[in-house]
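Notes follow once the structure below has been shown.
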């Protein structure tokens, strides 16, 4: 690296008012007051999540379209309740965040060769871009519209095959495959 | 200047009267009786307007491939006979009305070849469509996907949709042998595998059953594909019909990274690629080397990688305290080992130490260990480790000509020759394993402490330990647990060949380098780094630097460049 590549930033010069701090604190409080007054005046609004949700509101009032929202993944099942996934690794290859980990094995069923023995998605690493869904040759992985997923540990947020299949059961009524 | 081979010139001379004339001419030129006055005219051909220099009697396809012009091919393989059955390599040659199979047509000087003509491309499209008529669309579950010729060529000249409306023929999946499974419906009948079992492994297990659309590869009842070269048919197969059971469904090939390496199972020094993903070696593939293993490797080599990930690998440094082994840190273990060896030397004088240099070690590691031991005791005895042998080389022959095609060496260690070379390089007192075990020599009887290196892929010491190993202060560096590992005064878990750089010398005296493919397991220090610590050398083990130090035979040894290390069969964008 050359010296010319280094960009030296100067700290902003503090005026006398800045050095006293209190005027700046009051200025900041002013911004808060402005927003409070806007809410009271009806031009701004606060959404009382989770009692109120954006998907329940009209889009023009600040709501959102759930149909296009990319939330947590699910693993789809076929008619016989087996995972549709054939463990081709297309999703994990396409994944830019490298958050899908698959272990393949010979399938116990006659009509297919391969199935995922393990299928883990690290929902914290995931950037919800939907590339896995696009890469999937058998529509086995889909992003649902669920966004309120929580966990107390990082380990809890690594969703395994059972959990992803359960999400399918829970969401299939609202979002048929 | 050495005389040029004469054979190349005969296209421009009147044909020799007899075979004897050729032989006489050649002998005379070789002996220098007559000068090679006739210039060596290599046949030159024009391919798509580009001048390509071919070798004498070479086929158009091979000349093109050598000249970096890529033609599609399935059934052609430089290591097998030519059948010209797949018909995708057909090209146009000026002066010949019909398309000719480039794999089977020898070059002629001045030949003009067109590989991108309308007729040629139409043929490629037709062949592709025909091959795909019954080919199942199971690329997502097929292990060959990613290195499949059919996939690549289909992408290039296939059509995206099939015009075939009827149901595809479903052929059964067959278990053809211990290591290989056959998916008959994916097969394109190039017969490379059949030719391989006849012409290289010579056992003729595979054959073509039926004709026309009923054609199938099969094995004879009761004679499964079971020989030391069986794994090669999976490499040979241009599609996903023959697959390795060991690798089946494990990984997708595009995730694997290839690292050039050498086979650890015998003295032949087969060139291989270790294919790893995220620090795990998933399979071994042959690396083309015309001087050593050509295109093939033995099955022992192919499955030798398993020891790298073996669950039983030693990973904890141990030291003996009051007669029992206790866990210790690696650094402490090395310090204790040096202290123990120094104590033995000061007590009994020079010549009381020995180092057992295993033929599984790299030459560089052996050199460093010998240096480190000799730094403590300048008269330390260097012993070359046991080199187990199966007695006789396993030789494979062509099924008809009985010409030798492949040889698996009887000596089941990769670097016995290299260790001998290092011992010769260093001089001083040395002993062979036999001399060491019989312990009749006085200097062997007087040994007090030693550094023993194992690193064998399976158990290596006899149940009844040789006398010098039973007594004194013993430091053991090994990768797998054994009785002896439980008794050693200091136990240092070691790195195996896939985890360090180094060189091995094969039985023919060829010094071949290999590269580290994966990191060492947790709790293990690379052997080279252990010796660096003992010698107080700065930095980390650097095989290239050690080779420079070791002198003339080793300085020129270098890992193959990416281009040289290209796989024997790599798909190149046309």
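The values are calculated or read from the model by the stated rules, or taken from the named source; none is laboratory data. Computed from a predicted structure; not experimentally measured. Positions of Cβ are backbone-derived with ideal geometry, glycine not excepted, and every protein chain shown enters the neighbour counts.
Is there a residue being part of a loop (DSSP other than H, G, I, E, B) and assigned by TED's automatic domain parsing to the domain that holds residue B:504 anywhere in the stretch B:419-427?
The answer is yes; a qualifying residue exists.
Would you confirm, using the coordinates I've provided, whether residue A:140 is within 14 Å of another protein chain (Cβ to nearest Cβ), in contact (Cβ under 8 Å) with a residue 40 or more places away in the chain and surrounded by fewer than 18 Cβ atoms within 10 Å (Cβ to Cβ)?
In short, no.
Residue check: is residue B:74 touching a residue at least 60 places away in the same chain (Cβ under 8 Å) and either in contact with a helix residue (DSSP H, G or I) (Cβ under 8 Å, 6 or more places away or on another chain) or more than 14 Å from chain A (Cβ to nearest Cβ) (or both)?
yes
Might you check whether a residue that is assigned to a loop (DSSP other than H, G, I, E, B) and within 14 Å of another protein chain (Cβ to nearest Cβ) occurs anywhere in the stretch A:59-80?
no
Go through the residues of the stretch B:398-417 one by one and say whether even a single one is within 23 Å of residue B:361 (Cα to Cα) and free of Cβ contacts under 8 Å to residues at least 24 places away in the same chain.
No.
Go through (1) in contact with a helix residue (DSSP H, G or I) (Cβ under 6 Å, 6 or more places away or on another chain); (2) more than 14 Å from chain B (Cβ to nearest Cβ); (3) buried (at least 18 other Cβ atoms within 10 Å of the Cβ) and name the single condition residue A:124 misses.
Answer for residue A:124: the failing condition is (3).
Looking at (1) crowded, with 21+ Cβ neighbours inside 10 Å; (2) out of contact with any helix residue (DSSP H, G or I) (no Cβ under 9 Å at 6 or more places or on another chain), can you tell me which one residue B:380 breaks?
(2)
Which condition number does residue A:86 fail, the rest of (1) farther than 17 Å from residue A:168 by Cβ; (2) within 12 Å of chain B (Cβ to nearest Cβ); (3) not in a strand (DSSP E or B) being met?
Of everything listed in (1) farther than 17 Å from residue A:168 by Cβ; (2) within 12 Å of chain B (Cβ to nearest Cβ); (3) not in a strand (DSSP E or B), residue A:86 misses just condition (1).
For the stretch A:10-28, state whether one or more residues are surrounded by 10 or more Cβ atoms within 10 Å (Cβ to Cβ) and within 30 Å of residue A:146 (Cβ to Cβ).
Within the stretch A:10-28, not a single residue is surrounded by 10 or more Cβ atoms within 10 Å (Cβ to Cβ) and within 30 Å of residue A:146 (Cβ to Cβ).
Within 14 Å of chain B (Cβ to nearest Cβ) and modelled with pLDDT of 95 or more, is that true of residue A:91?
Answer is yes for this residue.
Quick one: which residue in B:348, B:352, B:329, B:384 is under 19 Å from residue B:418 (Cα atoms) and assigned by TED's automatic domain parsing to the domain that holds residue B:423?
Step by step, each of B:348, B:352, B:329, B:384 is checked, and only B:384 is under 19 Å from residue B:418 (Cα atoms) and assigned by TED's automatic domain parsing to the domain that holds residue B:423.
Within the stretch A:127-137, restricting attention to residues that are in a loop (DSSP other than H, G, I, E, B) and farther than 25 Å from residue B:244 by Cβ, which residue is farthest from the other protein chains (Cβ to nearest Cβ)?
Checked the stretch A:127-137; the qualifying residue farthest from the other protein chains (Cβ to nearest Cβ) is A:128.
Restricting the stretch A:97-119 to residues that are more than 12 Å from chain B (Cβ to nearest Cβ) and more than 18 Å from residue A:159 (Cα to Cα), which is surrounded by the fewest Cβ atoms within 10 Å (Cβ to Cβ)?
A:108
Within the stretch B:236-269, count every residue that is away from chain A (no Cβ under 14 Å), part of a loop (DSSP other than H, G, I, E, B) and more than 28 Å from residue B:207 (Cβ to Cβ).
Selection size over the stretch B:236-269: 7.
Suppose we keep only residues that are touching a helix residue (DSSP H, G or I) at 6+ places or on another chain (Cβ under 8 Å) and part of a strand (DSSP E or B) within the stretch B:387-410. Which one would you say is surrounded by the most Cβ atoms within 10 Å (Cβ to Cβ)?
My answer is B:408.
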